[in-house]
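Novice: Structure provided below as structure tokens; questions to follow.
The values are calculated or read from the model by the stated rules, or taken from the named source; none is laboratory data. Not measured: the values here are computed from a predicted model. Neighbour counts are summed over all protein chains in view; Cβ atoms, including those assigned to glycine, are modelled from backbone coordinates with ideal geometry. In case anyone asks, the SASA skips ligands and DNA or RNA and just uses the protein heavy atoms, side chains included. Shrake-Rupley method; radii C 1.70, N 1.55, O 1.52, S 1.80 Å.
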Amino acid sequence: MFKPVNRHILIDLGRINTPDPETLIVLPDDYAPEQAKFIKARTIACAEDVRFKINTDDEVIVDRSMIEEITIGSTTYNVILDNYIMGILE
């Protein structure tokens, strides 16, 4: 298990941001949709020195451009610094 340190939070982008599989839209091959600056993520684990209270499995809004993707072997982890969590959804 990956344990984040230095104010980083391990997040899961998984099912939260995937489109509905029932929706079918045909687009040109070279089409690139505009990506939202902020997205939802779910927290998995956080460093002990994170500067605010956050729980495992919280839904948070993060700045997409600040997500760090770390691949070790066949496993990919997404982490973000606590500065780039804009809010917690309740």
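Novice: Ordered by residue, what ³J(HN,Hα) values in Hz, to whole numbers, does segment 25-40 give under the Karplus form 6.51 cos²θ - 1.76 cosθ + 1.60, where θ = phi - 60° and Gly and Pro are x?
Specialist: My calculation for segment 25-40 gives 10, 9, 10, x, 4, 8, 6, 10, x, 5, 9, 5, 5, 10, 9, 8 Hz in order.
Novice: Let me ask something else. Just the number, please: carbon plus sulfur as a percent of the accessible area of the chain, 1.4 Å probe, no ligands or DNA/RNA counted.
Specialist: About 51 percent, which is the carbon plus sulfur part of the accessible surface.
Novice: Given springs between every Cα pair under 10 Å in a Gaussian network model of the chain, which of Arg64, Arg42, Arg51 has the largest fluctuation?
Specialist: Among Arg64, Arg42, Arg51, the largest mean-square fluctuation in the Gaussian network model of the chain belongs to Arg51.
Novice: Given a Förster distance of 30 Å, report the FRET efficiency between Thr56 and Thr23 from their Cβ-Cβ distance, rounded to the nearest 0.05.
Specialist: 0.45
Novice: If amide H atoms are built 1.01 Å from N in the plane of the peptide, which residues on other chains or at least 5 residues away come under 5 Å of the amide H of Tyr77?
Specialist: Hits under the 5 Å cutoff: Ile70, Thr71, Ile72.
Novice: Related question: Could you order Val5, Val60, Val26 so the one with the most accessible surface comes first? Probe is 1.4 Å.
Specialist: If we order Val5, Val60, Val26 from most to least accessible, we get Val26, Val5, Val60.
Novice: Taking amide H atoms as placed 1.01 Å from N in the peptide plane, list the residues 5 or more away in sequence, or in a different chain, whose amide H sits under 5 Å from that of Ile44.
Specialist: For Ile44, the qualifying residues are Leu10, Ile11, Asp12, Asp57.
Novice: Mind grabbing the base-10 log of I(q)/I(0) for the chain at q = 0.24, 0.25 Å⁻¹? Debye formula, identical points on the C-alpha positions, no solvent, two decimal places.
Specialist: -1.24, -1.32
Novice: Quick one: dipole size for the chain, taken about the Cα centre, charges +1 on Lys/Arg Cβ and -1 on Asp/Glu Cβ, in debye to the nearest 20.
Specialist: It comes to approximately 340 debye.
Novice: To the nearest 10 square angstrom, what accessible area does Tyr31 show with a 1.4 Å probe?
Specialist: Solvent-accessible area, nearest 10 Å²: 120 Å².
Novice: For a quick check, take a GNM of the chain with Cα springs below 10 Å and name the residue from Val62, Val50, Val79 with the largest mean-square fluctuation.
Specialist: Among Val62, Val50, Val79, the largest mean-square fluctuation in the Gaussian network model of the chain belongs to Val50.
Novice: Could you tell me which residue out of Ala47, Val60, Ile11 lies farthest along the dipole of the chain toward its positive end? Charges go on the beta carbon: Lys and Arg +1, Asp and Glu -1, centred on the Cα centre.
Specialist: Comparing the listed Cα positions along the dipole, Ala47 ranks first.
Novice: Follow-up question, since we're still on this one. Note down the relative contact order for the chain as a percent, whole number, built from C-alpha pairs under 8 angstrom at least six residues apart.
Specialist: So the answer I get is 35 percent.
Novice: I've got another one for you. Could you give the accessible area per residue of the chain, probe 1.4 Å, as a whole number in Å²?
Specialist: 75 Å²
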